[in-house]
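The values are calculated or read from the model by the stated rules, or taken from the named source; none is laboratory data. As the structure is a prediction and not an experimental result, all values here were calculated from the model. Here the Cβ positions follow ideal geometry from the backbone for every residue, glycine too, while neighbour counts run over all protein chains shown. Note: areas computed on protein heavy atoms with side chains; ligands, DNA, RNA excluded. Shrake-Rupley method; radii C 1.70, N 1.55, O 1.52, S 1.80 Å.
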Amino acid sequence: MGPESVGDDLAFAVKDAPTDPLEAYVRLLVRAAEEPAVVGVVAFGSRAVGADITAQSDVDCFVVVDGSDEETRAWSTPHGASVEVWPVTLDAFRSHALPGDEFAWNRPSFIRARVDLDKLDGEVAAIVDAKRRLAPDEGRALVDAALDDAINSIYRALKSVEAGRLAAARLDAVEAIGPLLTTAFALESRVRPWNRWLEHELAEDPLRTTEFAGLLDVVAGLAGGATADQLRDAFRLLEGPARSAGHGPIVDGWEPDVAWLRGERAYREG
């Protein structure tokens, strides 16, 4: 079966079952199993996570092709289809969503990804498993960058709160949320999940660090207005675990204002 006929068959399958995503996905799997160039199919999104699913929820998946970019295009489906396919070559899939890749932002899709077809004796599954968590060096580098970003936004927000610039404080507090979450997860070598599934992920697999038990409350405080106390709660939430994991120099880079960030003294200009 050539790429063009595969594309035609797939387009027909999606069109033929527009309101039945699971049926359309099963048909895709059958066709993928029959196509020699396809070596893997990996589901991600709500159907793989197992949360926020309705009867109309589409199925998001990678179709991994051991071939050229041209061969992958035969598997493309339109946005809004019952099955939304991300066609990718095997070589590209190996580095997909890893640091330095143009799709590094897509790493959270692999946390709960499900391998539904693997013709390479486990290689596709191994590629996926390696993306579920952060490698040690990757985690340390990510903490250093995200921790500094989080403190920067907390610092700016706190200065604005104390100066009465409440609109600016709210914006900076919201900007602190992303790097704060990234730091918390990376300190445990975990990938920060998409916001949509943050609560689900923490319910399924809570963070082990004691201080992070109040993580969602701190995030809610930052999102909801961010008082000086809430901003300092956010700083203290990060400081202890960061120091324990060897990232104290990042925190100390904010001297002489660390005590002020903790709430132990007033801010000193200059």
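For the chain, a crude dipole built from +1 on the beta carbon of Lys and Arg and -1 on the beta carbon of Asp and Glu, taken about the Cα centre, is about 1040 debye to the nearest 20. Where a ≥ b ≥ c are the square roots of the eigenvalues of the C-alpha gyration tensor, would you call segment 221-270 rounded, which needs a/c under 1.5, or, failing that, prolate if a/b is larger than b/c, or oblate? Oblate shape, in that a/c is at least 1.5 and b/c is the bigger or equal ratio. The residue list 195, 150, 166 was ranked by how far each Cα lies along the charge dipole of segment 87-204 toward its positive end, using unit charges on Cβ atoms, and 166 comes out on top. Calculated on C-alpha atoms, the gyration radius of the chain divided by its Kirkwood radius gives an Rg/Rh of 1.09. Dipole size of segment 134-243 about its Cα centre, with +1 on Lys/Arg Cβ and -1 on Asp/Glu Cβ: approximately 300 debye, rounded to the nearest 20. In the calculated pair distance distribution of segment 78-147, what percentage of Cα-Cα distances lie above 17 Å? Summing the P(r) of segment 78-147 above 17 Å gives 51 percent of all pairs. Take segment 20-79 with all the other protein chains still there, run a 1.4 Å probe, and you get 44 Å² of accessible area per residue. Spacing of the modelled spin labels on residue 132 and residue 171, each 7 Å from Cα toward Cβ, amounts to 4.1 nm. Taking 0.36 nm per residue of sequence separation and removing the Cα-Cα distance, the residue 114/residue 228 pair yields an extension gain of 36.8 nm. Across the options 128, 177, 65, the greatest Cα extent toward the positive end of the charge dipole of segment 53-196 (unit charges at beta carbon of Lys, Arg, Asp, Glu) belongs to 177. At a 1.4 Å probe, what is the % contribution of carbon and sulfur to the accessible area of the chain? Here carbon and sulfur together make up 51 percent of the probe-accessible area. The slack in the chain from residue 148 to residue 208, taken as 0.36 nm per residue of separation less the alpha-carbon distance, amounts to 19.4 nm. Highest mean packing first, where packing is the average number of other Cβ atoms within 10 Å per residue, the peptides 224-232, 168-176, 39-47 line up as 39-47, 168-176, 224-232.
Inter-part distance, segment 145-204 to segment 64-106, computed on C-alpha centroids, equals 30 Å. Taking the charge dipole of the chain about its Cα centre, with +1 at Lys and Arg Cβ atoms and -1 at Asp and Glu Cβ atoms, the residue from 42, 99, 74 reaching farthest to the positive side is 99.
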